[in-house]
Amino acid sequence: MPHTVAIVGGGVAGLAVAYEIRERSARVPGGIEIVCLEAEDRPGGNIRSDRFDGFTCEWGPNGFLDNVPATLALIRRLGIEDRLLPSDPSAAIRFIYRGGRLRRLPSGAVSFLASDILSVPGRLRVLLEPFVPARRDPSEESVFDFVARRIGDEAARVLVDAMVSGIYAGDVKALSLQATFPKMWRMEVDHGGLVRAMLARRKEKGAAAKAGGPAGPGGTLTSFRGGLEELIEALARAAGPTLRLGSRVVRVADMGAGGFRVFLSTGEPIDAAAVVLACPSWFAAEIASGLDAELHAALAGIPSASVAVVHFGFDEKDLARRPHGFGFLAPRGEGPRILGTLWSSSIFPGRAPAGKVLLTSMVGGAHDPEAVTLGDARLIEIVRHDLDDAMGIGAAPRFVRIFRQPRGIPQYTLGHTARLETIARRLLEHPGLLACGNSYRGISVNACVEEAPRIADAAVEAVSGRIG
């Protein structure tokens, strides 16, 4: 027992932590036994790349941004760097559905002024951002309130609502700025405003090629030739017998100086010096419910949004024009029920066979929670209607795949920072109990990978303490 670390969850967070602990196990006399417990029959959580009839369909995220060194370093260590696939340069072209048609997102100040994506008053209000005084109230603020205050209500309703729907499938008025976009919050805190922060950054680093802009975040969206699941497959190979599939944890008990006991739905319990909760917060709350009431309440207080992912494959000849770009997002209130559509085979050529086009639409989210429960026929009807409206696609898809993600995307709603403080404080009362993953400090693959070394160090320290 003293040499064992049990990791609950075999998604990217749990597998990355397992990999990092293995790299550090030599620090502990006798090494460390790692047990990574995944409830499902395959690892990866919502990272899954299914291949049908020459199409590559992602269940969840389509890739990661290449501007985080930790992820690229992990990929090199896994030996799969040669499998990387950067997105096509056209992925920088993005659209918003507004006023009954697609409008291209401007990529710079000049194109923004000429764009009709906002009204003339709306564009002029954005230009006043440098003159808006900084907010000095330290309390949490919603993403919507922050953006409306700094660049205007119209920009918040159209541009940022769409962006938040595309990333979080969330409610822009409910999400916490500090928790969801901490870098944006720091821009005002440190520099007094967004434009001032960008000018300061440019002065420090020069005209950075990957600074980001109105059309999207910085960095290049990157995946693998066979889909993002290649990262999971490499981590699972590295884990070997450490990874135990079909092993559902039902309860974790704190045995005091004896460490922890992890109870499974089937089989003998596992005694461990440290336990890493690398599962969604709602599941962590369930298995910790008898361990700590306050911890349980804080974990359970992090909501999630459910999303249905609908893949359509078309013959290229059935489209008036082959999609060229990243895709489009639809702000709430503009008509479409879908959150947006990725032009998947344009973003990553090779995601569809020659002469075919793959489009990936998202339905549901915080504003439409019942969508994930709809039958396939109804989801297909919704997506077909909205694609016809936005892109003029009247033809029936030749290929359809639908994936559902109940409680798939954590929502960092107002109060999230306080919940994180409570979780951290209560975990300290159970030395060796750790929590990580996309429920806490970032929903992206990059965030999970960046966090893994810190969690691994804490787990190794806990094991060392038990046997010291």
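The values are calculated or read from the model by the stated rules, or taken from the named source; none is laboratory data. Computed from a prediction, not measured in an experiment: that's the story for all the values here. Backbone-built Cβ (ideal geometry, glycine too); neighbour counts: all protein chains shown. Quick note on the areas: whole protein, heavy atoms, side chains included, nothing else; ligands and nucleic acids left out. Shrake-Rupley method; radii C 1.70, N 1.55, O 1.52, S 1.80 Å.
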| task | Being under 11 Å from ALA18 (Cα atoms) and hydrophobic (A, V, I, L, M, F, W, C) is the filter here, so list the residues in segment 450-459 that pass it. | result | ALA452, ILE455, ALA456, ALA459
| query | Restricting to segment 356-413, what's the tally of residues that are part of a loop (DSSP other than H, G, I, E, B) and hydroxyl-bearing (Ser, Thr, Tyr)? | reply | 1
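Counting only residues that are within 23 Å of GLY333 (Cα to Cα), part of a helix (DSSP H, G or I) and of a type in the set (Val, Ile, Thr), how many does segment 148-203 have? Quick ask: steps written out before the conclusion?
As a first pass, look at segment 148-203 and keep what is within 23 Å of GLY333 (Cα to Cα): 148-177, 180.
Then keep just the ones that are part of a helix (DSSP H, G or I); that gives 148-151, 153-168, 177, 180.
Then drop every residue that is not of a type in the set (Val, Ile, Thr), which leaves 151, 158, 160, 164, 167, 180.
Here the count works out to 6.
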| query | Is segment 123-146 home to any residue that is part of a helix (DSSP H, G or I), open to solvent by 30 Å² or more (accessible area, probe 1.4 Å) and within 26 Å of VAL307 (Cβ to Cβ)? | reply | yes
| Residue list for segment 180-233, filter: among the small types (Gly, Ala, Ser), surrounded by 15 or more Cβ atoms within 10 Å (Cβ to Cβ), modelled with pLDDT under 95 and under 23 Å from TYR168 (Cα atoms) | ALA211, GLY213, ALA215, GLY216, GLY219
| message | Looking at segment 75-99 only, could you name the residues that are closer than 17 Å to GLU154 by Cβ and surrounded by fewer than 16 Cβ atoms within 10 Å (Cβ to Cβ)? | response | GLY99
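Okay, residues lined up against (1) within 23 Å of ARG51 (Cα to Cα); (2) open to solvent by 60 Å² or more (accessible area, probe 1.4 Å):
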site: CYS279; (1), (2): no, no
site: ALA293; (1), (2): no, yes
site: LEU299; (1), (2): no, no
site: PHE312; (1), (2): yes, no
| request: Could you please let me know if GLU286 is open to solvent by 10 Å² or more (accessible area, probe 1.4 Å), modelled with pLDDT of 95 or more and either closer than 30 Å to LEU221 by Cα or within 23 Å of the chain's Cα centre (by Cα) (or both)? | output: yes
| request: Could you list, in sequence order, all residues of segment 324-352 that are farther than 24 Å from GLU381 by Cβ, of a type outside the set (A, V, I, L, M) and either under 19 Å from the mean Cα position of the chain (by Cα) or open to solvent by 40 Å² or more (accessible area, probe 1.4 Å) (or both)? | output: HIS324, PHE326, PHE348, PRO349, GLY350
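Regarding VAL275, is this residue open to solvent by 50 Å² or more (accessible area, probe 1.4 Å), among the β-branched types (Val, Ile, Thr) and either under 30 Å from MET163 (Cβ atoms) or at pLDDT 95 or above (or both)?
On the way: open to solvent by 50 Å² or more (accessible area, probe 1.4 Å): no; among the β-branched types (Val, Ile, Thr): yes; either under 30 Å from MET163 (Cβ atoms) or at pLDDT 95 or above (or both): yes.
Against the criterion (open to solvent by 50 Å² or more (accessible area, probe 1.4 Å), among the β-branched types (Val, Ile, Thr) and either under 30 Å from MET163 (Cβ atoms) or at pLDDT 95 or above (or both)), VAL275 does not qualify.
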| When ILE47 is evaluated against the numbered criteria (1) within 24 Å of GLY340 (Cβ to Cβ); (2) open to solvent by 20 Å² or more (accessible area, probe 1.4 Å), which criterion, by number, is the only one it fails? | (2)
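Quick grid of which residues meet (1) assigned to a loop (DSSP other than H, G, I, E, B); (2) surrounded by fewer than 23 Cβ atoms within 10 Å (Cβ to Cβ):
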position: GLY10; (1), (2): yes, no
position: GLU23; (1), (2): no, yes
position: ILE34; (1), (2): no, no
position: ALA39; (1), (2): yes, yes
position: GLY60; (1), (2): yes, yes
position: ALA70; (1), (2): no, yes
position: ALA73; (1), (2): no, yes
| remark: Note: among VAL17, VAL110, just one is more than 19 Å from SER344 (Cα to Cα), open to solvent by 30 Å² or more (accessible area, probe 1.4 Å) and either in a strand (DSSP E or B) or among the β-branched types (Val, Ile, Thr) (or both), namely VAL110
| request: State the number of residues belonging to segment 402-452 that are in contact with a strand residue (DSSP E or B) (Cβ under 7 Å, 6 or more places away or on another chain), closer than 19 Å to GLY365 by Cα and not aromatic (Phe, Trp, Tyr). | output: 16
| field | Identity of the residue in segment 357-383, without any contact (Cβ under 8 Å) to a residue 24 or more places away in the chain and closer than 13 Å to VAL310 by Cβ, that ends up least open to solvent (accessible area, probe 1.4 Å) | value | GLY375
| message | Here is a check on your reading of the model: is ILE117 open to solvent by less than 70 Å² (accessible area, probe 1.4 Å), assigned to a strand (DSSP E or B) and touching a helix residue (DSSP H, G or I) at 6+ places or on another chain (Cβ under 9 Å)? | response | no
| query | Just wondering, is there one or more residues in segment 420-432 that are assigned to a helix (DSSP H, G or I) and buried (at least 21 other Cβ atoms within 10 Å of the Cβ)? | reply | yes
| query | For segment 452-461, does any single residue satisfy the condition of being open to solvent by 50 Å² or more (accessible area, probe 1.4 Å), in contact with a Lys or Arg (Cβ under 8 Å, 6 or more places away or on another chain), under 26 Å from ALA179 (Cβ atoms) and not in a loop (DSSP other than H, G, I, E, B)? | reply | yes
